[in-house]
Amino acid sequence: MRKITMGLGALVLAVTALAQDFTQSVTAEEQAAAGLGKLTPAELVKLLSLVERYKTGEVTVVRAQAEQKVAAAEVRVKQAEAKTTAAEAKKEPGWIGALLTLQKAEAKPDAAVVTTRLAGRLVSFSGRRDFTLENGQVWRMIEPDIYAGPALENPEVTIRPGLLGVIWLRIREGGVRVKVKPIKLE
């Protein structure tokens, strides 16, 4: 306990010695306004040492060095970004990437699901056929298929884009789902 008391006493003496120059240069009101009375002895020692460093110009030297390091880091970041951008510009996609890029270019950005009705009756069919819709569009089957269900009068049709540029025509009531391509769009 004596050692702690002696240590605190020495700290208070050190604070007092350092504080004499600085604290004597400010009024009691200024000390109270700055909150110096609230500081612990250790905090006051740290503050006074910072003031002394500032007086000698050491703080401005450290600040200037830090600013130089920040500026150098910003230059390195910009150089790295430029290299990355240049590398991406030179990069050529593989055949899968080229195919996907081509299909994205062909697809309309506003391509959405189209829901309408078939114009007329849907009767059984085998092979390929064209579907004429109420909105005037004509869609042709790409692959042969078979429908042997009941005849449907103006069934609802949904046309939806799929993966890799495939377009699907679905007739919900008949359970028909076929790949199609547009023949006539109005």
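The values are calculated or read from the model by the stated rules, or taken from the named source; none is laboratory data. A quick note: this is a predicted structure, and the numbers were derived from the prediction, not measured. Don't worry about glycine lacking a Cβ; one is built from the backbone with ideal geometry, like all the others, and counts go over all protein chains shown.
Identify, please: which residue in region 94-131 is under 13 Å from residue 171 (Cβ atoms) and polar (S, T, N, Q) and is, among those, modelled with the lowest pLDDT? Per the stated criteria, the residue is 124. Restrict the check to region 143-157 and report whether at least one residue is part of a loop (DSSP other than H, G, I, E, B) and within 40 Å of the chain's Cα centre (by Cα). Scanning region 143-157 turns up no residue that is part of a loop (DSSP other than H, G, I, E, B) and within 40 Å of the chain's Cα centre (by Cα). Applying the set (1) at pLDDT 55 or above; (2) farther than 30 Å from residue 167 by Cβ to residue 7 leaves exactly one unmet item: (1). I'd like the residue in region 158-174 that is hydrophobic (A, V, I, L, M, F, W, C) and assigned to a strand (DSSP E or B) and, out of all such residues, is farthest from residue 116 (Cα to Cα). By that ranking, first place goes to 167. Got a number for residues in region 114-131 being surrounded by 15 or more Cβ atoms within 10 Å (Cβ to Cβ) and of a type in the set (Val, Ile, Thr)? Result for region 114-131: 2. Checking the stated criteria, residue 53 turns out to be out of contact with any Pro (no Cβ under 9 Å at 6 or more places or on another chain) and modelled with pLDDT under 80.
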